[in-house]
1. For Cα pairs less than 8 Å apart in space and 6+ apart in sequence, what is the mean separation divided by the residue count of the stretch 102-235, i.e. the relative contact order in percent?
2. Mind checking the dipole of the chain: about its Cα centre, +1 per Lys or Arg Cβ, -1 per Asp or Glu Cβ, Debye to the nearest 20?
3. Taking 2.2 N^0.38 Å as the expected size of a compact globular protein, what ratio does the Cα radius of gyration of the stretch 78-235 give against it, to two decimals?
4. What is the local net charge at K31, summed over the other residues whose Cβ is closer than 14 Å to its Cβ (Lys, Arg +1; Asp, Glu -1)?
5. Which pairs in the list K131/K172; K172/K233; K31/K167; K79/K233 are over 31 Å apart, alpha-carbon to alpha-carbon?
6. What's the longest uninterrupted piece of the chain once you rule out the GluC sites (Glu not before Pro) that are loop residues per DSSP with at most 15 other Cβ within 10 Å?
7. Could you work out the Rg to Rh ratio of the stretch 186-235, with Rh taken as the Kirkwood radius (inverse of the mean 1/r over all Cα pairs)?
8. If amide H atoms are built 1.01 Å from N in the plane of the peptide, which residues on other chains or at least 5 residues away come under 5 Å of the amide H of G137?
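The values are calculated or read from the model by the stated rules, or taken from the named source; none is laboratory data. What you see is a predicted model, and the numbers here were worked out from it, not measured in a lab. Here the Cβ positions follow ideal geometry from the backbone for every residue, glycine too, while neighbour counts run over all protein chains shown. These accessible areas exclude ligands, DNA and RNA; they are computed on the full protein's heavy atoms, side chains included. Shrake-Rupley method; radii C 1.70, N 1.55, O 1.52, S 1.80 Å.
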Amino acid sequence: MTTTITPAITIAIDGYSSSGKSSMAKALAKKIGYRYIDSGAMYRAVTLYAMQHSMISAGHEVDCDALIAALPLIKIDFKVCEDGQHTLLNGVDVESKIRQLDVSNNVSQVAVIPAIRHALVAMQQAFGTEKGIVMDGRDIGTTVFPDAELKIFVNASAETRAMRRHKELIEKGESSTYEDVLANVVTRDHIDETRQESPLRKAQDAILLDNSKMTIAEQDSWLIDRYNEAISKLK
Ligand code: CDP
């Protein structure tokens, strides 16, 4: 009797802020037994570190030299918990802190700094050496894993994305308004798309998904179908 072993692949899920890519990526990773890495959480953790060490002004100006010099002191890890994966910054669980709007309001300014990107991209690539990984972010299909066997690019209207993120923050007990969240989504999209270093772009070979009108169950099943197609191409 012959058994076929399903080859492990690399899956890159990129897209606009709050487009639901993390939820899709997590659900897929769980279903197929892959490791999931949230690259945005890594940028958020570096941002939190910078905020905690007074390296970001009230006007969102980042002291780049100080932050770059501190890079060797910043250790980011992930821990699997009952309610999902948590981000650790120098051993401290910062999962809920990094999702707050004050971090969201500074993160894209940190993510434009080339030296920060180089350091985080190298860490992200190290996570993926064995394949069997789903990673989500902005530049995974273009820069981190340009050879990924499956690339998805997710979008939805800014209003839909802001409404989803607002609901999520309210459910977590945060006191943000829809208008603040929408402003953050629009600002981050602009900074992410127009930065010099690996801007937010759909990779040429990525499959585009507009999930504005999809339920979570529909988008999860759409993604499983794309995964099965990618695997069947390899067999
Ligand atoms: O969850 P959401 O889509 O709102 O954002 P995120 O994935 O947590 O990413 C936060 C921010 O980090 C983004 O707005 C980008 O500025 C930056 N980022 C990036 O530049 N490259 C990545 N691969 C991931 C995130």
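1. Rounded, it is 33 percent for the stretch 102-235.
2. Values: 27 positive and 32 negative charges, 112 e Å.
Taking the Cα centre of the chain as origin, the dipole is about 540 debye.
3. Values: Rg = 16.7 Å, N = 158, 2.2 N^0.38 = 15.1 Å.
Normalised Rg, Cα atoms only: 1.11.
4. Details: positive: K26, K30, R35, R226; negative: D220, D225.
Once positives and negatives cancel, what remains is +2.
5. Flagged as over cut-off: K131/K172; K172/K233; K79/K233.
6. Values: sites that count: E61, E82, E130, E174, E197.
By the stated rule (loop sites, at most 15 other Cβ atoms within 10 Å), 1-60.
7. 1.10
8. Excluding prolines and chain starts, which carry no amide H, the hits are I13, D14, G15.
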